[in-house]
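None of the figures in this text is laboratory data; all of them are computed from the coordinates on show. Keep in mind it's a predicted model, so treat the numbers as computed, not measured. Here the Cβ is made from the backbone with ideal geometry for all residues, glycine too, and neighbour counts use every protein chain on show.
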Amino acid sequence: MTAPRFQPASAPHMPPAHNVSELMRRVVYALVPGTLGMVWLFGWGVLINIALAVTAALACEAVMLRLRGRPVQRFLRDWSAVVCAVLLALCLPPLVSWWVPVVGVVCGLVLGKHLYGGLGYNPFNPAMVGYAVLLVSFPGQMALWLDPMSSPGLLQSLQLVTTGQQTSGEALDALTRATPLDHVKTELAAGWSLSELSTGPVFGMLAGAGWEWINLLFLAGGIWLLRRRVIGWQIPVGVLLGLAVPALLFWLFNPDQFAVPLFHLLGGGTMLAAFFVATDPVSAATTPRGRLYYGAGIGILAYVIRTWGGYPDGLAFAVLLMNMAAPLIDHYTRPRIEGHARGREQDGD
Amino acid sequence: MSAAPLFDFPGGLMLPGRKVETGEPLRQPELPEELVIPLKQHQGEAAEPVVAVGATVCRGDLLAQQSGTLGANVHAPTSGAVIAIEQRPVPHPSGLSAPCIVLRADGEDRWSTCLPPPLHDWADQPPAALRERVQAAGIVGLGGAGFPASAKLAVSEKLALLIINGVECEPYISCDQALMEQRAQEIVVGARMLAHAVQAERVVVALEDDKLQAMAALQNALRIAPEPPVELVAVPARYPAGGERQLIRTLTGREVPTGAHPTDIGMLCQNVGTAAAVYRAIALGEPLTSRIVTVTGEGLVSPCNVEARIGTPLQALITQAGGYREQARHLIMGGPMMGFTLPDDSLPVTKTSNCILVLPESPQPREAAMPCIRCGYCAEACPVSLLPQQLYWYARARDLDQAEGHGLFDCIECGACAPVCPSHIPLVDYFRYAKSALRSQERERRQAELARQRYLSRQQRLARQQEEQQQRRERKKAALRKPGAAEDPAAAKQAAIQEAIRRAREKKQARSGAGPEDGDGRT
């Protein structure tokens, strides 16, 4: 056989082991158990939010890519817009008006992502940018969490989402109830103690009724992501420790005024934030040690906001604040390069 | 087997082995009619030819002599006639030509009659005598780096540890494995010779823990001749465990400081192939004229290990491996992680050719890379604890100083970061680019400094000349004012002519002295 014409290539000559869209898809898969838990607890509204958000995200992404002159097909296939949309949708109260997820996604993707240069260039987590815009702009809509296990059927839900009213003419407000975090916060402010509150219907077996199971399901998905090595352990462990350690200290100090650590760990969006939101690699710190600090910062800030701040759950703001700190954290946590002295002191070797 | 504890190095990758069957005897390619022997097959200075075109040589005769302290002798790989000493294409990433000796084989393959005699009593010889033998035999590091072995052996103090590196961590390559399985005795004796040459306190032969056959062969060799002691250590198979620094870290837990050599911390690493070549040079008197090459890859019909003479064209090796398959697209010298592509298979085998890899269509994705999402997988894989994602940003932004500050030159270009990148960014290309840009920047800076100095000295010279001219003029004026000068106009004229000739000569001298400098100064 004659010698073929050989083509140049540069080392390494090994096929890539991953691709971005596969990683993003795995994040979506890992969200499935928690999402199903939310659907079981809150009904169709969860799925309607996801459908609205994903549709809006794909449309918005396509338009922005076209405007920016980027290959639309290739970047749409990276699934990053879908992940962002699903994460935002899962943060929203079910059965909010249809425009709430749409506005959130558009703000997140346009302001939080494409105006900074698109995938890989956004300093802030786009889903949390969208969520923060909604929380600040439409606090009324964002407080409409349903009473667990009492959600209306599909048609009723669709009607509520599109018109804000049920066929009976009853408004959404009739179905809603404060979340456990919200409830505890207002009641504590009203002078009740936690020992009195913990016997109430808002508390379940471990933490807030219903929410504890959602958090455990998101935890299961997160552990799967860890095992598949899609995410590293540093950020989730950092978030959970950052939340649990202050919670434990304050709870030991005054158990009547400060909730048990488990209430925080399995309450609100803790597990979703720890494993899925804070781990967005683009806006997080990138050094191994830096990621631990970054996660811990989110946990501590979330505890502070939950306990003393103006919002029942502070994870979104905690994530955004730590996004700002990520470059600084990276700068100060560079790993010691092999063969270099440790800091100022000489390496013992 | 040694029970000494092993240590871990950061990062690394688990890679598929894809090694060929190493049990079968080494194939010998047919002697080619023409061998092309590059004068530089090692790090350092090219060797100086000591034969003329037309000379008849035998296998083992010196063709070119080491020049400079860093260099290596080159010997005739077979008997025949020198038909040319000229520029020929050589296997090098640059694809450039380099001076080579072209040998027409006479087919008799006669050994030279003036080889040094076998050194049976090597253990009683002074270390320097062994080092001289190694140097004369033209042995260089056969693991791929090609550092002259004798230069590595020139240590001033006793070494604590000599490591014989059989950790062949790149996929596909199995020439060291074949050598360990088939010539374990040579490696063990060669290791002892090297240990004697550097007065090492401890000798370790390291290999990967999944190379059971090689392990058994080495154990057997050690059982037959147990003294002086040589330890056998199996290290976990993980790329790049066979890197010099990574292996030292694994065996001792110590790090070689950046910019330093292992000998600076009392250690020396030599490849198993080098040890076997040292054995042949000392025990048999044979210089380095052949090596084992793995000829493999999905683009070949029957991959194998061959023992090839230096200078054999690659196509002879390809023929031994059954020829190309239809899908052959890339011809690579070295392994899949660090090897470089070659334009064609007429290039010769050199002392550092450990593997010829023929791969189908590049497994790298054709489509452009996606943006970096800072996932950090590259940092996890880096065996030097660099942050490849940061280096990539700096290299892309041409912020070369920052890249250097982030340890760019600590990058060993092992390529572990690139295959794990989900965005398929050719990270190593960026690092190679940044390194070469920094090197040329440094070169330019040095040149500019040189030019500045030349300019300054030229300015000084011009000022001096002007001053001298001024003085001469004044001298002349003074002479004209002398009363005697006016009385004899002919004599005055003669004096003026003499003075003019002297000036012209002076000027000419000054110009010829300054000329080349001026010329260079403007470059």
Candidates per GluC sites (Glu not before Pro) in the range B:101-161, loop by DSSP, up to 16 other Cβ within 10 Å
B:Glu108, B:Glu157
Enumerate the amide H contacts of B:Arg202 below 5 Å, restricted to partners 5 or more residues apart or on another chain; note that Pro and chain-start residues carry no placed amide H.
B:Leu161, B:Leu162
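Just counting partner chain Cβ atoms within 10 Å, what average do the residues of peptide B:316-329 show around their Cβ? Before the final figure, lay out the partial values.
On the way: counts 0, 0, 2, 0, 0, 0, 1, 3, 5, 2, 2, 1, 5, 5.
Other-chain Cβ atoms within 10 Å of each residue's Cβ, averaged: 2.
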Apply the Karplus curve 6.51 cos²θ - 1.76 cosθ + 1.60, θ = phi - 60°, to the phi angles in the range A:224-237 and return the couplings in whole Hz, x for Gly and Pro.
4, 4, 5, 5, 7, 6, 6, 10, x, 7, 4, 5, x, 5
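Using 21 Å as the Cα-Cα cut-off, could you pick out the over-long pairs in B:Lys40/B:Lys351; B:Lys19/B:Lys435; B:Lys476/B:Lys507; B:Lys40/B:Lys435?
Values: B:Lys40/B:Lys351 10 Å; B:Lys19/B:Lys435 32 Å; B:Lys476/B:Lys507 17 Å; B:Lys40/B:Lys435 23 Å.
The pairs that break the limit, which is 21 Å between Cα atoms, are B:Lys19/B:Lys435; B:Lys40/B:Lys435.
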Trypsin sites (Lys or Arg not before Pro) within the range A:1-105: which are DSSP loop residues with at most 16 other Cβ atoms inside 10 Å?
A:Arg5, A:Arg77
Charge dipole (the protein assembly as shown, unit charges on Cβ, about Cα centre) - positive-most of A:Met64, B:Ala52, A:Pro152
B:Ala52
For the range A:141-258, Kirkwood radius (reciprocal of mean inverse C-alpha pair distance, Å):
17.2 Å
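Could you tally the net charge around A:Pro180, taking each other residue with its Cβ under 15 Å from the Cβ of A:Pro180, Lys/Arg +1 and Asp/Glu -1? Intermediate results must be reported in sequence, preceding the final value.
On the way: positive: A:Arg177, A:Lys185, A:Arg306; negative: A:Asp147, A:Asp182, A:Glu187, A:Glu196, A:Glu212, A:Asp313.
With Lys, Arg at +1 and Asp, Glu at -1, the net is -3.
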With the charge dipole of chain B built from beta-carbon charges (+1 for Lys and Arg, -1 for Asp and Glu) about the Cα centre, the Cα from B:Pro343, B:Val295, B:Ala510 projecting farthest to the positive end belongs to B:Ala510
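Count charges around B:Thr78 for me, please; just the other residues with Cβ under 11 Å from its Cβ, Lys/Arg as +1, Asp/Glu as -1. Before the final figure, lay out the partial values.
Numbers: positive: B:Arg59, B:Arg104, B:Arg110, B:Arg309; negative: B:Glu33, B:Glu34, B:Asp61, B:Asp106, B:Glu108, B:Asp109.
Residues near B:Thr78 contribute -2 overall.
Between B:Gln498 and B:Gln213, what length in nm is gained on full extension when 0.36 nm per residue of separation is reduced by their alpha carbon distance? Don't skip to the answer; put the middle values down first.
Working: separation 285, 0.36 × 285 = 102.60 nm, distance 9.18 nm.
Difference between extended and current length: 93.4 nm.
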P(r) tail for the range B:203-332, what percent of Cα pairs lie past 25 Å?
46 percent
Along its three principal axes, how long is the range B:34-309 when you only count alpha carbons? Whole Å, largest extent first please.
53, 48, 40
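For peptide B:13-20, what's the mean number of Cβ atoms from other chains within 10 Å of each residue's Cβ? Walk me through the numbers before you get to the answer.
Details: counts 3, 0, 3, 1, 0, 0, 0, 0.
Across the residues of B:13-20, the mean count of other-chain Cβ atoms within 10 Å is 1.
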For q values of 0.14 Å⁻¹, compute log₁₀ I(q)/I(0) with the Debye formula on a Cα-only model of the range A:19-177, without solvent.
-0.68
Calculate the FRET efficiency for B:Arg325 and B:Arg446 from the Cβ-Cβ distance with a Förster distance of 51 Å, rounded to the nearest 0.05.
0.55
Enumerate the amide H contacts of B:Cys169 below 5 Å, restricted to partners 5 or more residues apart or on another chain; note that Pro and chain-start residues carry no placed amide H.
B:Gly242
Along its principal axes, what span do the Cα atoms of chain B show, with the longest given first and each in whole Å?
110, 65, 51
Which one, A:Gly204, A:Gly238, A:Gly34, has the greatest fluctuation when you compute a Gaussian network model over chain A with C-alpha springs under 10 angstrom?
A:Gly204
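Quick check: net charge around B:Pro5, other residues with Cβ under 15 Å of its Cβ, Lys/Arg +1 and Asp/Glu -1? Show your work: numbers first, answer last.
Working: positive: B:Arg202, B:Arg249, B:Arg254; negative: B:Asp8, B:Asp209, B:Glu231.
For residues surrounding B:Pro5, the net value is 0.
Against the globular-protein guess of 2.2 N^0.38 Å, express the Cα radius of gyration of the range B:1-139 as a ratio, rounded to two decimals.
Values: Rg = 19.7 Å, N = 139, 2.2 N^0.38 = 14.3 Å.
So the Cα radius of gyration is 1.37 times the expected 2.2 N^0.38 Å.
Looking only at other chains, what is the average number of their beta-carbon atoms within 10 angstrom of each beta-carbon in B:208-215?
Numbers: counts 0, 0, 0, 0, 0, 0, 0, 0.
Per-residue shielding by partner chains comes out at 0.
Given 37 °C and 0.692 mPa s, how large is the Stokes-Einstein diffusion coefficient of the range A:1-81 in µm²/s, with Rh as the Kirkwood radius over Cα pairs? Numbers along the way, then the final one.
On the way: Rh = 16.3 Å.
This corresponds to a translational diffusion coefficient of 202 µm²/s.
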Of every Cα-Cα pair in chain A, the percent that sits beyond 33 Å
32 percent
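Pick out, in residue order, every one of the GluC sites (Glu not before Pro) in the range B:354-410 that is DSSP loop and has at most 10 other C-beta atoms within 10 Å; say none if there are none. Each step should come with its number before you reach the end.
Details: sites: B:Glu361, B:Glu367, B:Glu380, B:Glu404; in loops: B:Glu361, B:Glu367.
In loop regions of the range B:354-410 (DSSP not H, G, I, E or B), the sparsely surrounded GluC sites (Glu not before Pro) are B:Glu367.
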